[in-house]
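Novice: The structure that follows is given in the form of structure tokens.
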Amino acid sequence: NHRNPMPRALITGASSGIGAEFARQLAPQGYDLVLTARSQSTLESLAAQLRQNHDIEVEVIPLDLTEPNAPSQLYQHTCDRQLQIDLLINNAGFGDYGDFAQGDRTKLLGLMQLNIIALADLTHQFLQPMRSRHSGTIVNIGSIAGFQPIPYLALYAASKALVLSVSEALWAENQAFGVQVMAICPGPTETQFNQTAGFPQSDSSSSAPAMAKVTSVVAESLQSMKRDHGSTVVGGWANHIITSLPRLLPRDTLAKVVGEQFRPPTTSGE
């Protein structure tokens, strides 16, 4: 195999949704891939398909990133195999919808472990070699949920606020080192997010927000990487309006108004 070394991307949560779509769109651009998620069989079938259609190497690493030592195992695996990661896409994450006090404690702690701790841990570990090479990109998948508190998605929105804040700060910290860090913030997108978060099945009523296509969200994200900003809102003009509102409204008003939008049908504050 005497071809020139291709750039290599590591994608977490790569078995479905935005993560899998990043793999599908990076493959024809000549990226070798390292894919990780819990489901080995789903990853293997995606990898086989991408290897067949594109002249690239695809490595599959099944891991549960809610396990505290999984980020270190993932980093160590890339070191052992001498897989230089040029682009890290921290996409793994999930939401939990409902009254926080009544939420499942294990799920809530898992959400923090995945959305916050694993993301920060992987960013920290992969930053070191990128800085020493003076090249590399880290893309953290945030959300328009990160721009304001969201009652009934309280911990998820807070986790995405952290992703947004830390990405913008690290963007500034790493500019002098030739390393790009950024948060991509989509709005509602056609993925399995709502099922995992436990939203009630919608009757696809007209009041439900329009879902962005995952293909266009990822294409827009890859375009925005060329512009070198600490964060970018993607997925349609409505998302830009939503993320601007917090600057205009008092914080208490904002929390109440958003809470009314998200209140579960059965909840009344007795």
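The values are calculated or read from the model by the stated rules, or taken from the named source; none is laboratory data. In this text the structure is predicted, and so the values were computed from the model without any measurement. Positions of Cβ are backbone-derived with ideal geometry, glycine not excepted, and every protein chain shown enters the neighbour counts. Protein only, heavy atoms only, side chains kept; ligands, DNA and RNA dropped before computing areas. Shrake-Rupley method; radii C 1.70, N 1.55, O 1.52, S 1.80 Å.
Novice: Checking TYR31 against (1) in contact (Cβ under 8 Å) with a residue 60 or more places away in the chain; (2) in contact with a Pro (Cβ under 8 Å, 6 or more places away or on another chain); (3) hydroxyl-bearing (Ser, Thr, Tyr), which single condition isn't satisfied?
Specialist: The number of the failed condition is (1).
Novice: Going by what's in this entry, would ASN115 be described as open to solvent by less than 20 Å² (accessible area, probe 1.4 Å) and of a type in the set (S, T, N, Q)?
Specialist: Yes, satisfied.
Novice: Is it the case that the range 210-220 has a residue that's in contact (Cβ under 8 Å) with a residue 12 or more places away in the chain and under 17 Å from VAL163 (Cα atoms)?
Specialist: Looking through the range 210-220, none of the residues is in contact (Cβ under 8 Å) with a residue 12 or more places away in the chain and under 17 Å from VAL163 (Cα atoms).
Novice: I'm checking my understanding of the structure. Among residues of the range 18-45 that are aliphatic (A, V, I, L, M) and under 16 Å from THR215 (Cα atoms), which one is nearest to the chain's Cα centre (by Cα)?
Specialist: ILE18
Novice: May I ask you to say which residue of TYR97, TYR75 is part of a loop (DSSP other than H, G, I, E, B) and not charged (D, E, K, R)?
Specialist: TYR97
Novice: Would you mind stating whether LEU65 is in a loop (DSSP other than H, G, I, E, B), without any contact (Cβ under 8 Å) to a residue 60 or more places away in the chain and either open to solvent by less than 20 Å² (accessible area, probe 1.4 Å) or over 25 Å from THR196 (Cα atoms) (or both)?
Specialist: yes
Novice: Which of the residues spanning the range 78-112 are free of Cβ contacts under 8 Å to residues at least 60 places away in the same chain and either more than 20 Å from ALA154 (Cβ to Cβ) or within 14 Å of the chain's Cα centre (by Cα) (or both)?
Specialist: Answer for the range 78-112, where residues must be free of Cβ contacts under 8 Å to residues at least 60 places away in the same chain and either more than 20 Å from ALA154 (Cβ to Cβ) or within 14 Å of the chain's Cα centre (by Cα) (or both): CYS79, ASP80, ARG81, GLN82, LEU111, MET112.
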